[in-house]
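Here's the structure, in structure tokens; my notes come after.
Read-outs throughout are calculated quantities, based only on the coordinates presented, and are distinct from any laboratory measurement. Because the structure is predicted, anything quoted here is derived from the model rather than measured. All Cβ positions, glycine included, derive from the backbone under ideal geometry; neighbour counts span all protein chains shown.
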């Protein structure tokens, strides 16, 4: 769905002087188009050589802002169809911004046809500064919510991935500019307002809050932990692994109530130790912990398909969950 009119919906339609209205007062732009499929961002419309049907050139604004802001500018764009619509635009600035500041290819404009659930789990990619470790993108309406799936190219990187297909859900890219600064851009395949917590135990800070904090921190803003939210008591818990059944990896999440020795191990159906994932003293933390089992034993050898058990022992607590490895 989209607005009834494409007139005056976007940022460029309201900005007459980018330097005075955007560059001078601001360091970042946050733009959430939610589930809208039309009227997202213009490339100058058909009159200026683009094909968005929108005369305002939002990508021209993006380019001027990222090229010219001397204070490490950043742009965060989130929306169910933004990445899909962007790749089809032919305006010069739409092409320039994608080739310079957010280099990607679209794998699918509908996450469900790509093998994801209506409401997919989204996990933090290895080494990514943008989290949380995992969250849910709620696709409550199969008609409206068709999340974009993309693959980064060049210096762009995958910040978060749809867990079932290990494909790009949130992309990021940092690019040096002629202003001797670094321009950063984050592109999300789903609207920010569709982010929900995936933890079984309520956490002190919501996943969407953590996600935005991490983005702002990566943009270079001195953002601390959110305040004003009551602290939730920690508890010992071993969550179900995801995905399960799995191949080749599964993520095991758990939380602990107090500081102490924590042991997380994988056993086969005969009760024999297969892999020790954790054996150390840990302290409770907001969001808990997560470990990835890659189907290898302690000797680095691949184990066979079958049923395994994950056991958590911490502070007098013991919990066990069944895992199924399919090859």
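Counting only DSSP beta bridges with both residues in the chain, what percent are antiparallel, rounded to the nearest 5?
Numbers: 59 of 71 bridges.
Here the antiparallel bridges make up roughly 85 percent for the chain.
Pairs of alpha-carbon atoms within less than 8 angstrom and 6+ residues apart define the contacts here; what relative contact order does the chain have, in percent? Intermediate results must be reported in sequence, preceding the final value.
Values: 760 pairs, mean separation 41.7, N = 327.
Computed over the chain, the figure is 13 percent.
How would you order 265-272, 158-165, 125-132 from highest to lowest mean count of nearby Cβ atoms within 10 Å? Walk me through the numbers on the way to the answer.
Values: 265-272: 12.9, 158-165: 22.1, 125-132: 16.9.
Ranking the peptides 265-272, 158-165, 125-132 by packing returns 158-165, 125-132, 265-272.
By count of other Cβ within 10 Å, fewest leading, how are 211, 111 ordered?
Details: 211 25, 111 29.
Ranked by crowding around the Cβ, least crowded first: 211, 111.
Quick one: grab the alpha carbon gyration tensor of the range 46-106, order the square roots of its eigenvalues as a ≥ b ≥ c, and give me rounded if a/c is under 1.5, else prolate or oblate depending on whether a/b is larger than b/c. Can you show the working numbers first?
On the way: a/c = 1.85, a/b = 1.27, b/c = 1.45.
Since a/c reaches 1.5 but b/c is at least a/b, the shape of the range 46-106 is classed as oblate.
Starting from the Kirkwood Rh over alpha-carbon pairs, what translational D in µm² s⁻¹ does the range 237-325 have by Stokes-Einstein at 10 °C and 1.306 mPa s? Write out the running numbers ahead of the final one.
Details: Rh = 13.1 Å.
It diffuses with D of about 121 µm²/s by this estimate.
Run the simple label-point estimate for residue 112 and residue 309 please: 7 Å along Cα→C-beta, distance reported in nm.
3.9 nm
Hey, with R₀ at 41 Å, roughly what FRET efficiency would residue 166 and residue 21 work out to, going by the Cβ-Cβ distance, to 0.05?
On the way: r = 41 Å, r/R0 = 0.99.
My answer for the efficiency is 0.50.
Taking Cα atoms of the range 11-218, Rg/Rh with Kirkwood Rh, to two decimals?
On the way: Rg = 16.5 Å, Rh = 17.2 Å.
Expressed as Rg/Rh, it is 0.96.
Going by how many other Cβ atoms sit within 10 Å of their own, how do 55, 85 line up, fewest first?
The most exposed by this proxy come first: 55, 85.
What ranking do 209, 274, 149 get, fewest neighbouring Cβ atoms within 10 angstrom at the top? Could you put the intermediate results ahead of the total?
On the way: 209 17, 274 20, 149 26.
Ordered by Cβ neighbours within 10 Å, fewest first: 209, 274, 149.
On the principal axes of its Cα set, how long, how wide and how thick is the range 93-170? Give whole Å, largest value first.
34, 29, 16
Just grab the label-to-label distance for residue 292 and residue 151, each label 7 Å out from Cα along the Cβ direction, in nm (one decimal).
1.8 nm
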